[in-house]
1. Sort the following peptides by mean Cβ neighbour count (other Cβ atoms within 10 Å, averaged over residues), highest first: 90-98, 105-113.
2. List the residues whose amide H sits under 5 Å from the amide H of S98, counting only those 5 or more places along or on another chain, with H placed 1.01 Å from N in the peptide plane.
3. Can you work out the Karplus-derived ³J(HN,Hα) for every residue in segment 45-54? Use 6.51 cos²θ - 1.76 cosθ + 1.60 with θ = phi - 60°, whole Hz, and x for glycine or proline.
4. Quick one: Karplus J couplings for segment 10-16, per residue in order, coefficients 6.51, -1.76, 1.60, θ = phi - 60°, nearest Hz, x for Gly and Pro?
5. Given R₀ = 30 Å, what would the calculated FRET efficiency be for S54 paired with H28, taking r from the Cβ atoms and rounding to 0.05?
6. Would you rank S54, S25 by solvent-accessible area, highest first, keeping every protein chain in place and using a 1.4 Å probe?
7. Ranked by accessible surface with a 1.4 Å probe, highest first, in what order do F100, F4 come?
Amino acid sequence: MKDFEKGKAYIVEFWATWCPPCRASIPHLNETYGKFKDKGLIVIGQDCWERDESEVAPFVKRWRQDDVSCGADDKAGAKAGPNGQDLMEAAGHDGISSAFLVDTKGAIAWIGHPMELKEEVIEDVLAGKTPVSKSAESN
């Protein structure tokens, strides 16, 4: 996927295989996706800051729902790839699990820990309202 599709909302969650909070939030994220996918929510799991690249494929196979997209950061020999470095840094986040909720117009509506994302915020975003949360305002 090259661009966000207009009219769809996205949760992009940054995680790593070694991160216990990430593993704890994935079932919740899968449940959230199941509840809202027919209303236009797309979920993307983005691996970042990975210590052992060989762990990613088995991790994704174990935890991901069939229609949830997953990507791995291309570190190209660096310690962190552009997603783990540039996007997280620009958002002022230095820890994972972190999630970004992108509204139906392609703007970030919320940033924070995925377990803190309220269903009401997702519903508002899917309805075309863009609530800017305190998490998004401070980042």
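1. Details: 90-98: 16.3, 105-113: 18.1.
Listed from highest to lowest mean packing, they are 105-113, 90-98.
2. Here the answer is F14, since their amide H atoms fall under 5 Å of that of S98.
3. For segment 45-54, the Karplus curve yields x, 10, 5, 8, 6, 6, 8, 9, 4, 5 Hz.
4. In residue order, the calculated couplings are 10, 10, 10, 10, 9, 8, 9 Hz.
5. Working: r = 26 Å, r/R0 = 0.88.
My answer for the efficiency is 0.70.
6. Working: S54 80, S25 0 Å².
From most accessible down to least: S54, S25.
7. Details: F100 20, F4 90 Å².
These residues rank, largest area first, as F4, F100.
The values are calculated or read from the model by the stated rules, or taken from the named source; none is laboratory data. Quick caveat: nothing in here was measured; it's all calculated off a predicted structure. Methodologically, a virtual Cβ is constructed for each residue, glycine included, from the backbone with ideal geometry; neighbour enumeration extends over all protein chains shown. Note: areas computed on protein heavy atoms with side chains; ligands, DNA, RNA excluded. Shrake-Rupley method; radii C 1.70, N 1.55, O 1.52, S 1.80 Å.
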